[in-house]
Every structure is written in structure tokens, then in C-alpha cells.
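Heads up: the structure comes next, in C-alpha cells.
The values are calculated or read from the model by the stated rules, or taken from the named source; none is laboratory data. Quantities reported herein were computed from a predicted structural model and do not represent experimental measurements. Neighbour counts are summed over all protein chains in view; Cβ atoms, including those assigned to glycine, are modelled from backbone coordinates with ideal geometry.
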Amino acid sequence: MSNFEKTIFYRDNCVKAKETGDGMEYTIECIDGTGTMLCYEVFPGLELFFNSFQAYHCKENREQSNMLKLNFCVSGRFECSFTTKDCGILGPGDMSANLFDGKHGAASICEFPLGYYEGVGILIDCDRATKWTEQNLGIFSLDFNSLKQHLFPSGWYWVRPSGPKCEHVFRELYENGRSNDLQYIRLKITELFLILERLPLIQKTESYFPKSQVELVKHLRDHIISDPTCYSSIEQLAAEHQISISQLQKVFRSIYGVPIYKYLREYRIEQAAVALQKTVKSITEIALDAGFTNPGKFSETFKRRYGMTPTDYRNYEKLNTEMD
């Protein structure tokens with residue numbers, strides 16, 4: 001098992017490494033949480049890894065040249081600033097690809113806007129991997145340098161929906177690839193790259209957003225959840241910050257996965273659940289804090305989310321605490 005994934009990406013953040021079958025599991029200490037990476041060297045020059053992060057930010061270092069990296073999002077959200085202007089955001093079913101040449105994106109902060117991320121990644125040393133497949137895979141050999149030219153007719157990164165064929169292979173890898181069956185993994189990896197070789201030329205897509213808009217939307221999100229009285233309508237937010245309504249909605253949904261109204265409603269209900277458990281406030285007070293003027297409507301919404309009324313939830317959590 002090589003260590004080049006640990007060495008290149010998270011060498012300053014790895015706090016623990018252990019062997020697991022044919023793979024290595026790395027524990028990553030993030031800025032505000034932790035993550036794990038289960039890595040397999042599928043063959044020399046190609047490494048497959050399964051990511052699981054409970055964090056919002058994590059540093060990446062990319063220093064080697066002629067490397068190709070693919071990411072596929074299984075759940076959560078994955079955000080990466082390719083440049084100071086372009087920000088790519090992956091939701092479930094999306095994939096990204098980027099080249100490393102020792103200059104572009106040598107170091108960055110990866111972000112997980114929902115606080116968690118599950119995904120599959122593939123890291124390829126194009127020269128080493130090509131040489132190995134030519135010597136060992138016969139008619140199924142893969143020329144990763146040629147593939148690199150096909151995937152990147154211009155630029156060095158892209159984000160797009162993976163499409164049904166690629167998504168199917170990525171999800172099979174995610175569901176079955178941790179079984180330590182390297183023959184199976186090699187088969188699925190070869191299938192994936194044979195599909196990628198036959199994709200139409202990939203151009204820059206609408207999965208990018210100006211970095212300034214992403215930062216604005218995150219600022220607005222932080223503002224509206226910290227001060228419920230500041231938010232009256234999407235129209236007001238858009239007008240006050242000089243962004244179109246459609247773009248505000250589009251960027252927000254790409255980052256957080258749901259429309260602004262739904263995100264705010266779910267966030268306030270979750271905060272109400274915390275208040276029921278941690279404070280002695282009345283149900284009416286908590287309902288008002290959550291933006292509900294009608295306690296009955298609050299109780300109805302809360303029950304849809306948690307399967308019980310606020311009163312029952314408070315009693316249930318109190319009983320659990322006493323038992324602990």
C-alpha cells in the first residue's frame with residue numbers, strides 16, 4: 001500500500017493511520033471536525049478512496065505533477081475553490097475532475113456546507129498508471145495521458161452531473177468497493193474509465209459560481225439564522241445585496257441542497273428541538289423564537305419533523321437524560 005494519497009492531500013492533517021485488509025484508513029483532523037479516508041491502491045499509479053467527513057472545512061495540499069483527480073458525491077455537499085473566482089459545488093450524483101501540475105490549486109480549503117460529506121475519489125498518476133495498464137491489462141489498457149486530453153480540451157477543472165452510466169459505477173464502487181476485493185475494484189475502475197473515454201468532450205458547465213456570490217450567500221445564510229427578524233422575503237434579500245432573485249435561489253440551493261424558505265424552516269425547527277431539550281422556556285416562547293406566531297401551527301410542523309408534539313419531545317428527552 002502506497003502513501004501518496006496521504007502524502008499529497010492531507011499529510012499535515014492525518015492524526016491516525018491503520019491497515020484494513022488491502023487498504024489503509026486515515027483519520028483526518030479538520031479545522032472544525034474530523035474525517036476518515038479509506039484508501040486502496042488499485043494498481044500502481046491509481047488510488048481509490050472513500051471519504052466520510054463530519055466537518056465544514058478541510059485543508060488540501062496538491063504538490064505533484066501530471067496527476068488527475070475525480071470526485072463523486074454520494075451524500076452531503078462538497079465545495080472546492082478551483083481559483084479565486086470559480087467555485088465548484090457537488091451535490092449527490094455530481095462529479096468533478098481536475099488536473100494537478102504543481103501550480104494550479106496547489107493548496108486550498110475544501111468545504112462541506114452541510115457539515116457532512118460522503119464520497120468516492122480517484123487519484124491517478126497518469127504516467128505510472130498508463131505504464132501498468134499497458135503491461136497488465138492487454139486490450140483493456142488505459143492511456144491516462146490521452147484521456148486527460150479528452151477530458152480537458154481547455155482548462156484544468158470541471159464539475160457536472162455524472163450521468164447515469166458513471167453514477168451507476170461510482171455507486172457500485174461505494175456500496176461494494178470496501179469489501180477488500182481488489183479484482184472487483186479493478187474491474188469497476190476499468191469500466192468507469194472506458195465510459196469516460198467515450199464521453200463527449202466536456203466543456204465548462206453551469207456548475208460554477210463566482211466566488212463572490214458563494215461568499216455572499218453564505219453570509220446571508222449566517223445572518224438570517226442568527227437574526228430571525230432580519231429576513232422578510234427573498235425579494236428583499238436580493239434587492240439589498242444587488243443579486244438577482246433567480247441567482248440567489250440557484251446559488252443557495254446548490255450550496256445547501258434546498259430552497260431558502262425550506263432551509264430556514266428546517267433550521268428553526270431543529271433549533272426549537274434543542275431549546276426544548278436544553279432550556280425551560282415555554283412552548284409558546286420557543287414557537288415565537290422559531291418564527292411561528294401560532295403555537296398550534298408550530299406544534300403541527302414540529303410533529304411532522306420529529307414524529308411527536310413539542311411537549312412529548314421534551315418529556316421524552318427529559319426521561320432519556322434522567323436514565324443516563
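Numbers at a glance
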{"item": "Selection count where residues are of a type in the set (Val, Ile, Thr) and surrounded by 14 or more Cβ atoms within 10 Å (Cβ to Cβ), scope the stretch 291-301", "result": "1"}
{"item": "Test: residue in the stretch 302-322 that is over 30 Å from Glu215 (Cβ atoms), surrounded by fewer than 12 Cβ atoms within 10 Å (Cβ to Cβ) and among the small types (Gly, Ala, Ser)", "result": "yes"}
{"item": "Hey, Tyr263 touching a residue at least 60 places away in the same chain (Cβ under 8 Å), out of contact with any strand residue (DSSP E or B) (no Cβ under 9 Å at 6 or more places or on another chain) and of a type in the set (Ser, Thr, Tyr) or not", "result": "no"}
{"item": "Matching option when the condition is in the same structural domain as Leu68 (by TED's automatic domain parsing), part of a loop (DSSP other than H, G, I, E, B) and crowded, with 18+ Cβ neighbours inside 10 Å, among Leu142, Leu199, Leu192", "result": "Leu142"}
{"item": "Odd one out for Val280 among (1) more than 33 Å from the chain's Cα centre (by Cα); (2) of a type in the set (A, V, I, L, M, F, W, C); (3) not in a loop (DSSP other than H, G, I, E, B)", "result": "(3)"}
{"item": "Restricting the stretch 147-162 to residues that are touching a residue at least 24 places away in the same chain (Cβ under 8 Å) and part of a helix (DSSP H, G or I), the residue that is surrounded by the fewest Cβ atoms within 10 Å (Cβ to Cβ)", "result": "His150"}
{"item": "Residues being in a helix (DSSP H, G or I) and at pLDDT 85 or above - total across the stretch 240-259", "result": "8"}
{"item": "Close pairs (7 angstrom Cβ cut-off, 6 or more residues apart or separate chains): outside the structural domain of Asn315 (by TED's automatic domain parsing) in the stretch 281-304, assigned to a helix (DSSP H, G or I) and surrounded by fewer than 18 Cβ atoms within 10 Å (Cβ to Cβ) anywhere", "result": "none"}
